[in-house]
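One structure is given here, and the rest of the page talks about it.
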Amino acid sequence: MSPLSATSSSNTACNVLVVEDDRFFQQAIKKGLSMVLPRCHVAVFPSTFLAMQSMPAGASPYQMAIVDLELPDGDGVDIIRYLVKHHPDTPIMVLTVANNERRVLEAVRAGATGYVVKGDVSLSITKALEQLISGLHPISPSLAGYFLKLAGRESLGSGENPIERLTPRELHLLREFAAGKSYREAAESMNISITTVRTHTTNLYRKLGVRSGLRALSVAKEHGLI
């Protein structure tokens, strides 16, 4: 289960970093967060410089980050790289107008765990935040093809079908994730503990040669599993 999911269910306060220079989207993000994390404190910064100043290299002051890529004084990808380097457990969702392949893959490779295009009617900001909090990876559906291509570039070893390496339990779990279920929901469906779900997840990532749920699902789709 995502640490943010536990925070949401326990109603514990948390801090959220928002790097966004557009006032409309600043308010839209705040409104979405107020609905899914009522007690969260939202720190909004309109520039790369101010956002970086708020993040010391020690303990992370934030439990989640929403980052625009097109900022007035720099590139949001630099913020993602900094967070991943110094605070690797912080979920990072990109919210931007940039929807070209180069930018999407650049952000994901840097460490973004979600990527939502501004104005996407099929995935609202609130819904995307709910998914991120649940430990899922919010992605605008129009970008799916980019992630299939990214999965195709992943090194999978000797050319054997990586799906064949998975145990029945791991295959079951992968299908649960493909259905959009969180760690907790998958655990309940499979009648196992969340700790066991995490163990299976680590094993299936290793066997598929990937580092995230997005790439695991892409590999599964590529091989016709889901």
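I need every pair where a residue in region 167-178 that is over 14 Å from Lys221 (Cα atoms) has its Cβ under 6 Å from the Cβ of a residue that is of a type in the set (Ser, Thr, Tyr) and part of a helix (DSSP H, G or I), sequence separation at least 6 or different chains. No pair meets every condition. Residue check: Ala144 meets all listed conditions (1) at pLDDT below 85; (2) part of a loop (DSSP other than H, G, I, E, B); (3) among the small types (Gly, Ala, Ser) but one, namely (2).
Counting only residues that are in a helix (DSSP H, G or I) and in contact (Cβ under 8 Å) with a residue 40 or more places away in the chain, region 25-57 holds 8 of them. Of all residues in region 1-53, those satisfying the criterion of being farther than 20 Å from Thr113 by Cα, among the hydroxyl-bearing types (Ser, Thr, Tyr) and modelled with pLDDT under 90 are Ser9, Ser10, Thr12. Against the conditions (1) over 13 Å from the mean Cα position of the chain (by Cα); (2) modelled with pLDDT of 90 or more; (3) crowded, with 16+ Cβ neighbours inside 10 Å; (4) under 19 Å from Val42 (Cα atoms), Ser124 satisfies every one except (3). If the condition is being over 19 Å from the mean Cα position of the chain (by Cα) and among the polar types (S, T, N, Q), then region 47-70 contributes Ser47, Thr48, Gln53, Ser54.
Okay, residues lined up against (1) at pLDDT below 90; (2) outside the structural domain of Ala128 (by TED's automatic domain parsing); (3) not in a helix (DSSP H, G or I):
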site	(1), (2), (3)
Ala59	yes, no, yes
Tyr62	no, no, yes
Ile66	no, no, yes
Ile79	no, no, no
Val84	yes, no, no
Asp89	yes, no, yes
Val94	no, no, yes
Ala98	no, no, yes
Arg102	yes, no, no
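For region 18-46, the set of residues classified as closer than 14 Å to Glu70 by Cα, of a type in the set (Val, Ile, Thr) and over 19 Å from the mean Cα position of the chain (by Cα) is empty.
The values are calculated or read from the model by the stated rules, or taken from the named source; none is laboratory data. Treat the numbers as computed from the prediction; the structure is a model and nothing was measured. We place every Cβ from the backbone using ideal geometry, glycine too, and count neighbours over all the protein chains shown.
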